[in-house]
1. Restricting to the range 26-44, give me the number of residues that are touching a helix residue (DSSP H, G or I) at 6+ places or on another chain (Cβ under 7 Å) and surrounded by fewer than 15 Cβ atoms within 10 Å (Cβ to Cβ).
2. Only residues that are aromatic (Phe, Trp, Tyr) and not in a helix (DSSP H, G or I): list them for the range 13-22, please.
3. Does the range 63-70 contain at least one residue that is closer than 14 Å to Glu185 by Cβ, hydrophobic (A, V, I, L, M, F, W, C) and at pLDDT 95 or above?
4. Consider the range 35-74. How many of its residues are of a type in the set (A, V, I, L, M), within 15 Å of Thr136 (Cα to Cα) and within 17 Å of the chain's Cα centre (by Cα)?
5. Could you check the range 135-164 and list, in sequence order, the residues that are closer than 21 Å to Ile202 by Cα, within 13 Å of the chain's Cα centre (by Cα) and surrounded by 15 or more Cβ atoms within 10 Å (Cβ to Cβ)?
6. Tell me whether the range 23-43 contains one or more residues that are closer than 14 Å to Glu78 by Cα, in contact (Cβ under 8 Å) with a residue 12 or more places away in the chain and outside any helix (DSSP H, G or I).
7. So Phe181 fits all but one of (1) among the aromatic types (Phe, Trp, Tyr); (2) modelled with pLDDT of 95 or more; (3) within 27 Å of Leu74 (Cβ to Cβ); what number is the exception?
8. Can you pull out the residues in the range 81-123 that are of a type in the set (A, V, I, L, M) and within 13 Å of the chain's Cα centre (by Cα)?
Amino acid sequence: MENCLYVFINLGAISIPFIAGFDKRLRFQQQWRFLFPAMLLTMLVFIPWDMLKTQLGVWGFNPRYLLGFYIGNLPVEEWLFFIAIPYACLFTYHSLNYLVKKDYFGRYAGVITLLIAIFLLIIGFLNTGRLYTSVTFISTGIFLLLHRFVLHVSYLGRFYLMYLVTLIPFFIVNGLLTGSFIPQEVVYYDDAQNLGIRLGTIPVEDMVYGLLMLLMNVTWYEYLKSRVLYKNT
């Protein structure tokens, strides 16, 4: 059964949000027409990135915890990861927007975005010899600056609230994947390609990678929703 572990992690991440989404107050299934295209568009960026980094040995997957089916050089469980985690987090984003009426971070979102972007760009450019660090930090920094100075979106405060809330399940899921609770890692890393700073067993880069992936999903999700609203006005 241990070869099903990565599948079980994905199912565990998506199961409660999937069931809770049918609550008559939240009705998250009504957002699927925006959700699934947003996830697909994000995967068009992250799947090739994942394949390349796997090919270069930046990270890899322990066959002990895999079913053994691959699409390209990625196990099928890794493909499912890009469905399960964004689904769960966008459900959280949708739920928080419904339950928390006040945008607590909205007033400060521009400053927060700028500070995070500058910090990530500095660290990224100082570590160009570390592929996971440099590519992740620089890409995230640029994407944040794009939001700050070009897109001028209104949802960044809401996004930051969702990101903070999802850090709790993030540490559980990534802890399982990186060996916090099991004898060996499901996903292992070449520490020569990252800063070597771990939060428990989780490389700090994973938090930035997650921020970029989730922000890209939210960006597409909100864009697709806005297109429909525009057509209906």
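The values are calculated or read from the model by the stated rules, or taken from the named source; none is laboratory data. Computed from a prediction, not measured in an experiment: that's the story for all the values here. In this analysis, Cβ positions are derived from the backbone assuming ideal geometry, glycine residues included, and neighbour counts consider all displayed protein chains.
1. Going through the range 26-44 one residue at a time, the tally reaches 1.
2. First, the residues of the range 13-22 that are aromatic (Phe, Trp, Tyr): 18, 22.
Residue satisfying the conditions is Phe22 alone.
3. Looking for residues that are closer than 14 Å to Glu185 by Cβ, hydrophobic (A, V, I, L, M, F, W, C) and at pLDDT 95 or above, one finds at least one in the range 63-70, hence yes.
4. Qualifying residue count, the range 35-74: 3.
5. Start the filter on the range 135-164 by keeping residues that are closer than 21 Å to Ile202 by Cα, which leaves 135-141, 160, 162-164.
The next check asks that each one be within 13 Å of the chain's Cα centre (by Cα); those that pass are 136, 140, 160, 162-164.
Selection gives Thr136, Thr140, Tyr160, Met162, Tyr163.
6. no
7. Tallying (1) among the aromatic types (Phe, Trp, Tyr); (2) modelled with pLDDT of 95 or more; (3) within 27 Å of Leu74 (Cβ to Cβ), Phe181 fails exactly one: (2).
8. Ile83, Ala84, Ile85, Ala88, Leu90
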